[in-house]
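See structure below.
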Amino acid sequence: MAALHRYAILDTPPEPDFDDIARLLADSFEAPIAIVNLVASDRQWFKAEIGLGLRETSLDVSICAHALLRQGVMVVPDTRDDPRFASNPLVAAEGGLRFYAGAVLSTVAGLPIGTLCVLDRKPRPEGITPRQHFLLEVLARQVMSQLELRRAITRRDMRTEALRAETREREQAEAALKESQRRYQSLFDSIDAGFCVIQLEYDADGTAHDYRFLETNPAFAEQTGLHDAIGHPLRELAPDTARYWIDVFGGAPSTGLTIRLEEPTPTADGNWYEIHAFRIGAPEDRQVAVLSNQITARRRSELALRELNATLDARVTEAMAAREAAHEALRQSQKLEAIGQLTGGVAHDFNNLLTVIRGSVDLLRRPDLPPDKRMRYIDAIGDTADRAAKVTGQLLAFARRQALTPILFDVGRSLSETADMLGTLSGACIETEARVPDEAFHILADRAQFDTAIINIGINARDAMKGEGRLVIVAEAVTEIPARRAHGPVAGDFIAVSITDTGPGIAEADIDRIFEPFFTTKGVGEGTGLGLSQVIGFAKQSGGDVRVESVASQGTTFTLYLPRAARPTDGVSEPDGLDTTPVDGDGACVLVVEDNEQVGAFATQALRELGYDSVMAPDASHAMAELAKDSTRFHIVFSDVVMPGMNGLELGTEIRRRYPDLPVILASGYSHVLARHGQQGFELLHKPYSVDQLSRVLHKAIGGRARKPIDIP
């Protein structure tokens, strides 16, 4: 591309020399179309064309782009027989291009920049003759000769213009110099500062004994009273003060140091002056420029400034405090606005869900309700409860406070399964492809939340593509999370999962808001606006991040970065599957610790239905009291996490210390305790949970293990 740009030919008007070559080529081949084609990075542009009627086309339909891959002449007798061009719109269309012959346009350095080509709308199975082959090469060289000539003329014109510009600049410089001299003299005469140029006189031993005035301005004469001083020695004009000033300036020519009288010298007029002096010219010229400024007003200002500074610090501190208070008020306002938006969105979604539950319950109370309708309403309540759990899960993921259950799993295996699900959800008109590596890419994260994040991104992509397009999921290992605006790159071993769609892209005005809760561009009722909030929340809580790239009319790529697990970790391996069949408790006794009376009643009722005995404790202290009475009657403890007094995690730790063989299961929807301290090895059942989930967790935890209680004094 750089070689082409050096000719400065792109987008220039037609020129007869190039048009003549194209016309000669078309006539020689008895073809309707001939082109001088230059290939840029994103298009092919025609410097000359006969019979085509276009000045440029995109590279997607370019035949000439293939000719650049080889040297010399490329001939295609019938483009429809060539797999490279058979599907090209310019070929496949009615009356399309069927014959092509082109020679590469190469620079002196051998770099291809385009082609000289001839085309026909009829195939030519016989190809071209040797004479035509030779003619095509000769005319291609003529095109390059014209380009080189044009470039040489351009350079010549540029050099000529440069010489003209240099002449103009020199003339302008001379005029500027004269103007500068005029301005200097005007400035010299009009400035308020006193200015003079003196020339020192020295004895044979190098001691300064006098100086003469070479130049003075009116302000100097006004300040010193030395009128008509030019050409006169100082001792003649001011014999009383001459020795002082000769000693002050005498060393400047030899040392070249700037002299400044830090302590201004008072004069008879009662004003104060500050003196600056510096050598001008070579030392042997013995010349010194002296500048004197009246500083009486400045001295008075300095005194006033010292008085002002006494109170300035206090005023600055007060102003900064006021500004910080204003910033804090703004932050609180923004926080309240966000909370209002969040609350409104949650209320809207839960009112919809509660409407379904309330209506189903009312209908179930009808005594004459047929069994099939009764089951339909029961299923509706169950489905709605699952949807409510999903909304709360998305809220917790957005807040990065969800109690995650990390396991070690292979990203590739998970993506393969998720891609199949997305293919079903997306429909037949969206092509879904998962490109996963052969090697295992393990991460330590919540598998369910990972799958949910991928599904959320995929569903958004499906909706953006309006049911038709392509969705590509790619997993790869990377060594950093790339920078994003004010955030620099993050180094480390990560697995990057990118999901790319061919939709319309995300509007520039929306891209900074897509992760906000309840922000959605979909219509009313088409989405909660929590999907991407769940994605960013899960990524951040798992030690990773999300990046978004979007191009209008081309599509969007979401990339989820998660830390790569270096090796399998004991106790967190990926499960092969879960038995979903409820298991009879067979009379095992469960100590239920729950401060919410309704939840506790549900748990004990569910346990009885599952064949368990249960004892209810409203808090940790009552639970420890029950265990102290007789711990051997209990097979397991099932405790909430968030309770008054001792929380569930602290209770489980104490039970583990006192009764090490007694299993403990914790239940929580969200707990700041778990967010801060983790599960510490306890089995966790996420609220809301089903009876089947409760059954499986209890059966897994008990597992028929025998216990040996110990006495703790």
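Note down all Cβ pairs under 8 Å where the first residue falls in segment 234-254 and is closer than 9 Å to ALA208 by Cα, the second is among the polar types (S, T, N, Q), and they're at least six residues apart or on different chains.
Partner pairs satisfying both residue conditions: GLY250/THR207.
Would you check if there is a residue in segment 42-53 being β-branched (Val, Ile, Thr), in contact with a Lys or Arg (Cβ under 6 Å, 6 or more places away or on another chain) and either surrounded by fewer than 21 Cβ atoms within 10 Å (Cβ to Cβ) or not in a helix (DSSP H, G or I) (or both)?
So far as segment 42-53 goes, yes, one or more of its residues are β-branched (Val, Ile, Thr), in contact with a Lys or Arg (Cβ under 6 Å, 6 or more places away or on another chain) and either surrounded by fewer than 21 Cβ atoms within 10 Å (Cβ to Cβ) or not in a helix (DSSP H, G or I) (or both).
Can you find even one residue in segment 312-326 that is within 30 Å of TRP272 (Cα to Cα) and either part of a helix (DSSP H, G or I) or at pLDDT 75 or above (or both)?
Yes, segment 312-326 has at least one match.
Please find, among THR160, THR224, THR216, the residue that is within 30 Å of ALA109 (Cα to Cα) and either in contact (Cβ under 8 Å) with a residue 40 or more places away in the chain or β-branched (Val, Ile, Thr) (or both). Talk me through it step by step, then tell me what you get.
Working: THR224 fails: within 30 Å of ALA109 (Cα to Cα); THR216 fails: within 30 Å of ALA109 (Cα to Cα).
Among THR160, THR224, THR216, only THR160 is within 30 Å of ALA109 (Cα to Cα) and either in contact (Cβ under 8 Å) with a residue 40 or more places away in the chain or β-branched (Val, Ile, Thr) (or both).
Has segment 2-10 got at least one residue that is surrounded by 14 or more Cβ atoms within 10 Å (Cβ to Cβ), in contact with a Gly (Cβ under 9 Å, 6 or more places away or on another chain) and of a type in the set (Gly, Ala, Ser)?
Filtering segment 2-10 down to residues surrounded by 14 or more Cβ atoms within 10 Å (Cβ to Cβ) leaves 3-4, 7, 9.
The next check asks that each one be in contact with a Gly (Cβ under 9 Å, 6 or more places away or on another chain); those that pass are 4.
From what is left, the residues that are of a type in the set (Gly, Ala, Ser) are none.
No, segment 2-10 has no match at all.
Confirm whether ARG150 is closer than 30 Å to ALA109 by Cβ, surrounded by fewer than 12 Cβ atoms within 10 Å (Cβ to Cβ) and among the charged types (D, E, K, R). Talk me through it step by step, then tell me what you get.
Values: closer than 30 Å to ALA109 by Cβ: yes; surrounded by fewer than 12 Cβ atoms within 10 Å (Cβ to Cβ): no; among the charged types (D, E, K, R): yes.
No; evaluated as a whole, the condition is false for this residue.
Which residues, taken from segment 57-92, are within 43 Å of the chain's Cα centre (by Cα), assigned to a loop (DSSP other than H, G, I, E, B) and not hydroxyl-bearing (Ser, Thr, Tyr)?
Answer for segment 57-92, where residues must be within 43 Å of the chain's Cα centre (by Cα), assigned to a loop (DSSP other than H, G, I, E, B) and not hydroxyl-bearing (Ser, Thr, Tyr): ILE63, LEU68, LEU69, ARG70, GLN71, PRO83, ARG84, PHE85, ALA86, ASN88.
Looking at segment 64-86 only, could you name the residues that are under 18 Å from ILE33 (Cα atoms) and at pLDDT 90 or above?
So the first thing to find is which residues in segment 64-86 are under 18 Å from ILE33 (Cα atoms), and the list is 64-65, 67, 73-80, 85.
Of everything in segment 64-86, those that are under 18 Å from ILE33 (Cα atoms) and at pLDDT 90 or above turn out to be VAL73, MET74, VAL75, VAL76, PRO77, ASP78, THR79, ARG80, PHE85.
Give me the pairs, please: first residue somewhere in segment 429-447 and surrounded by fewer than 13 Cβ atoms within 10 Å (Cβ to Cβ), second residue anywhere and in a loop (DSSP other than H, G, I, E, B) and not small (Gly, Ala, Ser), beta-carbon distance under 6 Å, and either six or more positions apart or on two chains.
Cβ pairs passing all conditions: CYS429/GLU468.
From GLY467, GLY458, GLY492, which residue is assigned to a loop (DSSP other than H, G, I, E, B) and either at pLDDT below 95 or crowded, with 19+ Cβ neighbours inside 10 Å (or both)?
Checking each option against the conditions leaves just GLY467.
Only one residue in ARG435, ARG485 is under 25 Å from ALA566 (Cβ atoms), of a type in the set (D, E, K, R) and in the same structural domain as ALA552 (by TED's automatic domain parsing), so which one is that? Show your work before the answer.
Numbers: ARG485 fails: under 25 Å from ALA566 (Cβ atoms).
That would be ARG435, the only listed residue that is under 25 Å from ALA566 (Cβ atoms), of a type in the set (D, E, K, R) and in the same structural domain as ALA552 (by TED's automatic domain parsing).
Can you say whether TYR184 is surrounded by fewer than 16 Cβ atoms within 10 Å (Cβ to Cβ), hydroxyl-bearing (Ser, Thr, Tyr) and more than 60 Å from the chain's Cα centre (by Cα), as far as the supplied structure shows?
Here the answer is no, as TYR184 does not meet what is asked.
In segment 672-693, which residue that is modelled with pLDDT of 80 or more and hydrophobic (A, V, I, L, M, F, W, C) is nearest to LEU662 (Cα to Cα)?
Top of the filtered list is PHE682.
Read through the list (1) at pLDDT 80 or above; (2) outside the structural domain of TYR612 (by TED's automatic domain parsing), then give the number of the only condition that ILE712 fails.
(1)
Among the residues of segment 93-111, write down those that are within 23 Å of SER28 (Cβ to Cβ) and either aliphatic (A, V, I, L, M) or under 40 Å from the mean Cα position of the chain (by Cα) (or both).
Correct list: LEU97, ALA101, ALA103, VAL104, LEU105.
Yes or no: GLU126 part of a helix (DSSP H, G or I), acidic (Asp, Glu) and either within 30 Å of HIS66 (Cα to Cα) or not assigned by TED's automatic domain parsing to the domain that holds ASP27 (or both)?
Criteria not met by GLU126.
Which one of the conditions (1) polar (S, T, N, Q); (2) under 19 Å from GLY127 (Cα atoms); (3) assigned to a loop (DSSP other than H, G, I, E, B) does SER28 fail to meet, given that it meets all the rest?
Only one criterion is unmet by SER28, namely (3).
I need every pair where a residue in segment 401-414 that is part of a strand (DSSP E or B) has its Cβ under 9 Å from the Cβ of a residue that is hydroxyl-bearing (Ser, Thr, Tyr) and at pLDDT below 65, sequence separation at least 6 or different chains.
Note: pairs meeting the criteria are ILE407/SER573; LEU408/THR569; LEU408/SER573; PHE409/SER573.
Being at pLDDT 85 or above, in contact with a Phe, Trp or Tyr (Cβ under 8 Å, 6 or more places away or on another chain) and in the same structural domain as GLU480 (by TED's automatic domain parsing), is that true of even one residue in segment 547-560?
Within segment 547-560, one or more residues are at pLDDT 85 or above, in contact with a Phe, Trp or Tyr (Cβ under 8 Å, 6 or more places away or on another chain) and in the same structural domain as GLU480 (by TED's automatic domain parsing).
Does any residue in segment 16-37 that is over 20 Å from GLY96 (Cβ atoms) and among the aromatic types (Phe, Trp, Tyr) come within less than 7 Å, Cβ to Cβ, of a residue that is surrounded by fewer than 21 Cβ atoms within 10 Å (Cβ to Cβ) and modelled with pLDDT under 95 six or more places away or on a different chain, and which pairs are these?
PHE18/GLN146
The values are calculated or read from the model by the stated rules, or taken from the named source; none is laboratory data. Note that the structure is a prediction, hence the values are computed from the model and not measured. Using ideal geometry, Cβ is built from the backbone for each residue, glycine included, and neighbour counts are taken over all protein chains shown.
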